[in-house]
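Asks: Sending over a structure as structure tokens; questions will come in a sec.
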Amino acid sequence: MSRVSYVNGRYYPHSKVSVHVEDRGYQFADGVYEVILIKNRYLVDEEPHLDRLDRSLQALEIDWPMKQASLKHVIKEIINKNKLKDGIVYIQITRGVAKRDHGFPKKSKPTLVITARPLLMPHLNTNNKGAKVITIPDIRWKRCDIKSVSLLPNVLGKQAAREQGAQEAWQFDEEGFVTEGTSTNAWMLDTDNNLITRYLDEAILSGVTRLTIIDIAKKEGIKIVERPFTVDEAKKSKEAFFTSSTSFLTPVVQIDDVIIGNGAPGLLTTKLLASYLRYVDCPKSNTLIS
Ligand code: PLP
């Protein structure tokens with residue numbers, strides 16, 4: 001089946017679609033994005049994703065290209081046109097096309113791109129064997145709370161991870177505290193069974209999955225502590241994992257050369273993953289694509 005993508009009001013065959021060479025997203029990474037999971041024809045956590053898109057747009061003073069209700073309609077259309085049951089939808093909004101000049105153009109129309117593709121999810125189950133992560137200095141800018149398309153440090157970090165046989169790179173700040181992964185939020189369980197994840201500030205993205213896992217964990221009586229933890233602490237943790245819309249909750253069994261716990265996904269991690277999988281399959285929390 002051939003893919004269909006959306007750009008500025010029209011649907012195109014994916015192989016034919018393009019944006020202008022002077023789009024500010026292309027020249028300055030002057031734009032923001034979202035990735036939303038489609039599971040069994042439900043859009044998972046659509047509202048919090050669109051709320052975060054709104055915050056990112058406001059932070060960069062980029063106008064909404066259309067009303068939120070219209071955007072939701074286009075998202076549904078693109079999923080239907082691509083006949084997707086399980087997959088992801090990608091939404092990107094840039095400041096638009098203008099003669100190249102760093103300052104904001106006086107007049108420009110935001111560019112809206114929406115694509116969708118299938119996502120195979122065989123790894124997203126409780127048999128997950130766990131992942132290795134490496135640790136790298138966080139060389140990103142100081143507004144990582146904005147989901148900007150400026151992702152070069154994340155790209156380099158993920159590539160370094162892959163070259164070292166790892167699935168993710170956890171970035172650490174100048175004091176040795178883990179900020180987050182290159183496309184995921186970071187978690188650890190300490191020896192007193194406190195589940196720890198960094199609090200929200202401008203150093204990390206407010207992951208939608210992170211918020212959902214916090215809710216689930218609280219309901220299950222797990223003690224959550226939102227504070228930064230160091231790489232050393234993580235290496236001594238009982239359990240560790242990372243979260244995102246596409247990786248769900250992935251157990252971490254190795255950090256650099258250090259094996260976590262007994263080298264297999266931890267009990268609490270596996271329990272939380274099972275709860276998250278139930279949540280994702282629960283129609284009440286998600287939007288059905290009709
Ligand atoms: N942190 C970063 C840097 C990310 O890029 C992402 C997802 O793309 C996340 C965290 C996880 O966010 P979410 O759970 O909303 O997918």
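Asks: Restrict the search to segment 118-205; then list the chymotrypsin sites (Phe, Trp or Tyr not before Pro) that DSSP places in a loop and that have at most 16 other Cβ atoms within 10 Å of their Cβ.
Replies: Listed in order of number, the matching sites are Trp141, Tyr199.
Asks: Something else now. How many percent of DSSP beta bridges within the chain run antiparallel, rounded to 5?
Replies: Given both bridge residues lie in the chain, the antiparallel proportion sits at roughly 80 percent.
Asks: What length, rounded to one decimal in nm, is gained on full extension from Arg227 through to Lys81, with 0.36 nm per residue of separation minus their alpha-carbon distance?
Replies: 48.3 nm
Asks: Let me ask something else. Among the trypsin sites (Lys or Arg not before Pro) in segment 130-213, which ones are in a DSSP loop with at most 13 other Cβ atoms within 10 Å of the Cβ? Mind listing them?
Replies: Lys142, Arg143
Asks: Now, a different point. Students often get this wrong, so check it: of Lys39/Lys235; Lys72/Lys219; Lys39/Lys142; Lys129/Lys158; Lys81/Lys147, which have C-alpha atoms separated by over 22 Å?
Replies: Lys39/Lys235; Lys72/Lys219; Lys39/Lys142; Lys81/Lys147
Asks: Taking square-rooted eigenvalues a ≥ b ≥ c of the alpha carbon gyration tensor, is segment 132-215 rounded, prolate or oblate, where a/c under 1.5 means rounded and, failing that, a/b exceeding b/c means prolate?
Replies: Cα axes put segment 132-215 in the oblate bin.
Asks: May I ask you to list the GluC sites (Glu not before Pro) in segment 5-62 that are in a DSSP loop and have at most 10 other Cβ atoms within 10 Å of their Cβ?
Replies: Passing both the DSSP loop test and the Cβ count: Glu61.
Asks: Computed FRET efficiency, Cβ-Cβ of Ala160 and Ala69, R0 30 Å: what is it to the nearest 0.05?
Replies: Computed FRET efficiency for Ala160 and Ala69 comes out at 0.10.
Asks: Taking the chain as the reference, fit the longest principal axis to its C-alpha atoms, fit the long axis of helix 267-280 to the helix C-alpha atoms, and give the angle between the two in degrees, 0 to 90, nearest 10.
Replies: 30
Asks: When a/c is below 1.5 the answer is rounded, else prolate if a/b is larger than b/c, else oblate, so apply that to segment 22-149 with a ≥ b ≥ c taken from the square roots of the Cα gyration tensor eigenvalues.
Replies: It comes out oblate by the Cα gyration axes.
Asks: Can you give the extra length, in nm with one decimal, that the chain gains between Arg10 and Thr191 once fully stretched, where that is 0.36 nm per residue apart less the Cα-Cα distance?
Replies: 59.8 nm
Asks: Another question about this same structure. Specify the angular offset, from 0 to 90 degrees and rounded to the nearest 10, of the alpha carbon long axis of helix 46-60 from the longest principal axis of the alpha carbons in the chain.
Replies: Its long axis makes an angle of about 70 degrees.
Asks: Across every pair of different alpha-carbon atoms, what Kirkwood hydrodynamic radius in Å does segment 124-280 reach?
Replies: One over the average 1/r among Cα pairs gives 15.3 Å for segment 124-280.
Asks: What's the Cα-based Rg to Rh of the chain, Rh via Kirkwood?
Replies: 0.97
Asks: In addition: Extension gain Arg117-Glu61, at 0.36 nm per residue separation less the Cα-Cα distance, in nm?
Replies: Stretched fully, the Arg117-Glu61 segment lengthens by 17.2 nm.
Asks: Which of the aspartates and glutamates could be linked to Lys223 by a straight reach, that is with a Cα gap under 13 Å, when you skip same-chain ones fewer than 8 residues away?
Replies: Within the straight-line limit of under 13 Å, Lys223 reaches these aspartates and glutamates: Asp190, Asp192, Asp215.
Asks: Quick check: Cα centre of segment 164-208 to Cα centre of segment 235-290, how many Å?
Replies: Their Cα centres are 13 Å away from one another.
Asks: As a footprinting exposure proxy, order His73, His102, His20, His49 by other Cβ within 10 Å, with the fewest listed first.
Replies: Ascending Cβ contact count within 10 Å gives the list His102, His73, His20, His49.
Where a number appears in this text, it was derived from the coordinates with a stated rule and is not lab data. Since the model is a prediction, treat every value here as computed from it, not as a measurement. Because the Cβ atoms are built from the backbone with ideal geometry, glycine has one as well, and the counts that use them run over all protein chains shown.
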